[in-house]
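Taking it in order: structure first as structure tokens, then the write-up.
Derivation of every value follows stated rules applied to the coordinates shown; laboratory data play no part. Small disclaimer: the values here were computed from a predicted structure and weren't measured. Backbone-built Cβ (ideal geometry, glycine too); neighbour counts: all protein chains shown.
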Amino acid sequence: MRSRAMPRRLTVAKADVAPDREREYLTTLGRLARLRRSRGDHLWLFRHPAESGTFLEFSESVTGSPPRDGVAVDSEESVLERRLQTIASYALDARVPWEEVQLEDG
């Protein structure tokens, strides 16, 4: 079993984006992903195959930095998160952080 000082945290958010805002959404989320990656965190995006403008955002925090739950690490991240809130529609529980559970081998 792995040991970590802090468990990994994952947030999952369903985002609905109007077709005319999709490019802006992808660009903004890409900037946020690069910023988080520079701290060792990860952000993945998946598109729904049959529902245009519907995405799932997965954000993993491995460094102890806050997941995407509204608590930004720096001002650039705050600006990007606020911008995403104006571009996409998110469910009320979209930023709930899920914590990793260590499983026993065997």
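Between residue 42 and residue 16, how high is the FRET efficiency from 1/(1 + (r/R0)^6) when r is the Cβ-Cβ distance and R₀ = 22 Å? Nearest 0.05. Walk me through the numbers on the way to the answer.
Numbers: r = 23 Å, r/R0 = 1.03.
So, using R0 = 22 Å, E works out to roughly 0.45.
Give me the dipole magnitude in Debye, nearest 20, for the range 9-94 about the Cα centre, with unit charges on the beta carbon: positive for Lys and Arg, negative for Asp and Glu.
Computed charge dipole of the range 9-94: roughly 240 debye.
Any idea what diffusion coefficient the range 9-94 gets from Stokes-Einstein, in µm²/s, Kirkwood Rh on alpha carbon pairs, 4 °C, 1.567 mPa s?
100
In nm, to one decimal, how far is the residue 76 label point from the residue 26 one, both placed 7 Å along Cα→Cβ?
With each label point 7 Å from Cα toward Cβ, the separation is 2.2 nm.
So how far apart, in nm, are the two label points at residue 6 and residue 92 if each is 7 Å from Cα heading toward Cβ?
2.9
State, to one decimal in nm, how far the label point of residue 101 lies from the label point of residue 50, with both points 7 Å from Cα in the Cβ direction.
Those two pseudo-labels are separated by 3.0 nm.
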